[in-house]
Amino acid sequence: MTDFTKRTFSSDLGINDIGKEVSIMGWVDSLRDHGDILFIHLRDRSGIVQVVFNPEKSSPRVIDLAGTLKNEFCIGVSGHVTEREPDTKNPVLSTGDIEIIADELEIYGKSPALPFAVSEKAAELCESVSGTEPSSEEIRMQYRYLDLRRPSMQDNIIKRYRICKCIRDFLDTHGFVEIETPMLTKSTPEGARDYLVPSRIHQKRFYALPQSPQLFKQLLMISGFERYFQIVRCFRDEDLRPNRQPEFTQLDIEASFIDEEFIYELVEGLVIKIFEIGGINLPRPFPRMTYNEAIDTMGSDRPDLRFGMKFEDITDIFANTGYEIFRQILKQQGVIKGIKVENASHRLSKNVLQNEYAKQIVPGFGAKGMTWMRVVGNTLQSNIIQFFSKEEQKATVKRFSAKGGDVILMIADPSPNSAASALGHLRLHVAERLGLIPDGVFSPVWVTRFPLFEETDEGISSNHHPFTAPDRRDFNPRDRGELLSLRSRSYDLVVNGEELGGGSIRINDSELQNRIFEALGLTESDIGERFEFFIKALQYGAPPHGGIALGMDRVVSMILGTPSIREVIAFPKNRSAYCALTGAPSRIAGKQLRELGLLDFSPAITIPGMHEEKDLIDSLSWLSRIGIKDEEKVLIESALDDAVRLGSVMKEHAGGEEPAFSAVTLVNRSRSGDTARMCELAENGDLLKNAPSVTGGFFKVANIIE
Ligand code: ASP
């Protein structure tokens, strides 16, 4: 019966096909055995159709074979389409008016008991299903091929494809070309650690997997392509956070002879189109907010605009306050800021405000405490209201345009940044707790004019990446204060408090680029070693250019409303950057490490009598005079790996000298700083003086001692 050319997709079948002979292929989604008659749901990529095995209508051979079917067997059925009895029609299935009476059955692949239920329709129909529910994510990942059989997962992955296709079509009509850039490349600084790939051909040298195609897309602008894009995999070895993957997909865009407005226009058009695939309409134009405004009014550079509760600065109202805590903070040039939670007085009890928020939650956000006030008419009420004058109360009510029943939450802190950040967290916490964030609303915003640099423990680093154009070029790269005051021509696209992408107008002249590197503390030789090729390229008529990258996993996840980005990636890593399906990252054979030049096994000098033993295990076998069988080699190799790792640790502790795990001459190598010398006993020959002979720096000793 296997004539694949005759195959029909199940969802193509309907009432108009009654009486037709059809051939369908797919998986057993669920079975219902009614004693004499067996019903199955056959699932293919398009949907589900019911198949009936009836002893009165099918041959005994087919009925017997059908009796062996289990969930998720891969099968082919040929039969004819019939209309179901009116009372057995199934409105949940698109094919629910019909069923296939099986004439032939072929089993292409059997399946053992399932680790979890694949069928989703059966669950929907409240039919019993075998296997457990797709319980832990770890199990789902381990059997990802089964997990991906679930229609909802297929839908996610197929919609992801549709979104990518829509992007390609859209950018194509705007004159963009997709160009691939290397995966094996040199490090591109995006603020994360690189994944490195050792080179076998150039031993002890490494490629870096791209953190982004940043430098290549800029080179493509210098090459004159003018409009480039790529849906591209990027790799960043970052600390793990919930919605992050060590490898992720970006929509990477770059264009020449453009400014910020071009990017806003292009990306808004594109983003609106792809959100429509999920039935979401975004308002256009997207609002814009400078970084400062976002921090000042929302306490975050990823402001969530779905709800209000913007900050009010009330520092001036309390300039001469009698409240000691505020006085102390203001003395230190601190600030007092607050948010108004409308009509929440009855939902935020004194206990919640004082004991939960003021004492526990807000200190967890990095502020010392929180002051709360209930609005009653024109005045305020709280546990410390006696310290506030009537004027202060009135002015506060006015500043917040507050009315009876509102609650005002304030944070005072000597550091304006800490106050803003803590209040930002508090704003989100209260909004979530009280359900103030509306469902189904999507609020995009462009955040612009970020600081060019930020202060870190090690000095100064780029806020985006070092190729971002500053807002002015007349700065002194050694003046820290001045550097920290610079703004960049960068922009982030934020939707519902989540950063979906970011980019910038770039530096297009080598002199300015060099000065930025200098500001970042790179020496001339660092610059030469890491970026010489790029600085050189900038000298050959680099056009003004800029671009952006959107994180596709996040974008797709938001459009499809999935709880995590792992739901829209076919084969994701888990939260610890581990692939439960393949077991990557995994150990590798010492042989491979050696081939890559990652082990320094070659002794500085050859051991007398040692022949040219190439294989490490053979060498070991030779050295220990123990025969090692082939099947034992694997175990020995892994033990040796451990020894090598131990050796590396020892090497670290031994300072910059030669590794302690290579064959050692009788010379003190483990005390760093000491001049290498023979140990006295070795020097005067007392050590192993009974050894039969001495050659060079080595004693030839009895095998047992070796
Ligand atoms: N390369 C940047 C990033 O990956 C985006 C850009 O500046 O275009 O974040």
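Bear in mind that the values in this text are calculations on the coordinates, not laboratory data. Just so it is clear, the model here is predicted, and its values are computed rather than measured. Virtual Cβ from ideal backbone geometry, glycine too; neighbours counted across all protein chains shown.
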* Computed FRET efficiency, Cβ-Cβ of LYS110 and ILE157, R0 22 Å: what is it to the nearest 0.05? -> 0.30
* To do: Please list, in chain and number order, the residues 5+ apart from SER46 or on another chain whose amide H is under 5 Å from its amide H, with Hs placed from the backbone.
  => SER10, SER11
* **Options VAL362, ASN156, GLN214, ranked by Cα towards positive dipole end of the chain, top entry (Cβ charges)** => VAL362
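With charges only on Cβ, +1 for K and R and -1 for D and E, what is the dipole size of the chain about its Cα centre, in debye, rounded to 20? Walk me through the numbers before you get to the answer.
Details: 84 positive and 102 negative charges, 321 e Å.
Rounded to the nearest 20 debye, it is 1540 debye.
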* Structure fact -> In vacuo Debye sum over C-alpha of segment 149-215, base-10 log of normalised intensity I(q)/I(0) at q = 0.12, 0.14, 0.16, 0.28 Å⁻¹, listed in q order, is -0.58, -0.71, -0.81, -1.08
* **For segment 189-200, 3J(HN,Hα) per residue [Karplus equation, 6.51 cos²θ - 1.76 cosθ + 1.60, θ = phi - 60°, Hz, x = Gly/Pro]** => x, 10, x, 10, 7, 8, 8, 10, 10, x, 9, 6
* **Paramagnetic reach from ASN320 in segment 380-417 [backbone N under 19 Å; point 7 Å along Cα→Cβ]** => 387-397
* Asked: Which value at 222 nm does the chain reach when only helices count, each DSSP H run of 4 or more adding -39,500 (n - 2.57), with the total divided by all residues and rounded to the nearest 500 deg cm²/dmol?
  -> -8500 deg cm²/dmol
* Which ³J(HN,Hα) values, rounded to whole Hz and listed in residue order, are derived for segment 483-494 from phi using the Karplus coefficients 6.51, -1.76 and 1.60 in 6.51 cos²θ - 1.76 cosθ + 1.60 with θ = phi - 60°, glycine and proline given as x? -> 4, 6, 8, 6, 9, 10, 8, 10, 8, 10, 9, 10
* Between segment 1-78 and segment 335-375, what is the C-alpha centre distance in whole Å? -> 62 Å
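Just round it to a whole percent: the fraction of Cα-Cα distances in segment 169-308 exceeding 21 Å.
Values: 5825 of 9730 pairs.
Considering segment 169-308, 60 percent of its Cα-Cα pairs are separated by more than 21 Å.
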* Once the other residues with Cβ under 11 Å from the Cβ of ASN292 are scored (Lys, Arg +1; Asp, Glu -1), what is the net sum? -> -1
* To do: Tabulate in residue order the Karplus-calculated ³J(HN,Hα) for segment 287-301, using 6.51 cos²θ - 1.76 cosθ + 1.60 with θ = phi - 60°, rounded to whole Hz; enter x for Gly and Pro.
  => x, 10, 8, 6, 4, 4, 5, 4, 5, 5, 10, 10, x, 7, 8
* Label zone at ILE231 (point 7 Å along Cα-to-Cβ), backbone N below 18 Å, segment 546-565 -> 548-562, 565
* Asked: What aspartates and glutamates could a cross-link reach from LYS350, if we take a straight Cα to Cα line under 17 Å and drop same-chain neighbours fewer than 8 places away?
  -> GLU342, ASP406
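Can you say what percent of the DSSP beta bridges in the chain, counting only those with both residues inside, are antiparallel? Round to 5. Walk me through the numbers before you get to the answer.
Values: 96 of 105 bridges.
Restricted to the chain, the bridges split so that about 90 percent are antiparallel.
Quick check on the exposure proxy: order LEU270, LEU681 from fewest to most C-beta atoms within 10 angstrom. List each step's numbers first, then the result.
On the way: LEU270 19, LEU681 12.
The order, fewest Cβ neighbours first, is LEU681, LEU270.
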* Structure fact -> Rg/Rh over Cα atoms for segment 341-457, Kirkwood Rh, comes to 1.01
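Just the number, please: Stokes-Einstein D of segment 432-540 in µm²/s, Kirkwood Rh from C-alpha pairs, 10 °C, 1.306 mPa s. Write down the numbers at each step before the final one.
On the way: Rh = 15.7 Å.
Once the numbers are plugged in, D ends up at 101 µm²/s.
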* Ratio Rg/Rh [Cα only; Rh per Kirkwood] for the chain -> 1.07
* Asked: So for TYR161, TYR578, fewest C-beta neighbours within 10 Å to most, what's the order?
  -> TYR161, TYR578
* **Size of segment 65-224 as Cα extents on the principal axes (Å, biggest first)** => 69, 42, 29
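Compute the signed sum of charges (Lys and Arg +1, Asp and Glu -1) over the other residues within less than 13 Å, Cβ to Cβ, of ALA422. The partial results should precede the final answer.
Values: positive: LYS337, LYS368, ARG427; negative: ASP413.
That works out to +2.
If you filter segment 449-556 for GluC sites (Glu not before Pro), then keep DSSP loop positions with at most 10 other Cβ within 10 Å, what is left?
Working: sites: GLU454, GLU455, GLU458, GLU482, GLU498, GLU499, GLU511, GLU518, GLU524, GLU529, GLU532; in loops: GLU458.
Sites meeting the loop and neighbour criteria: GLU458.
Treat every Asp and Glu Cβ in segment 422-519 as -1 and every Lys and Arg Cβ as +1, leave all other atoms uncharged, and give the resulting dipole magnitude about the Cα centre to the nearest 20 debye. Mind dumping the intermediate values first?
Values: 11 positive and 16 negative charges, 57 e Å.
Computed about the Cα centre, the dipole is about 280 debye.
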* Structure fact -> Of the residues ILE317, MET289, ILE63, the Cα lying farthest along the dipole of the chain towards its positive end, which is defined by charges on the beta carbon of Lys, Arg, Asp and Glu, belongs to ILE317
* Along each principal axis, Cα extent of segment 242-379, largest first, Å -> 58, 38, 34
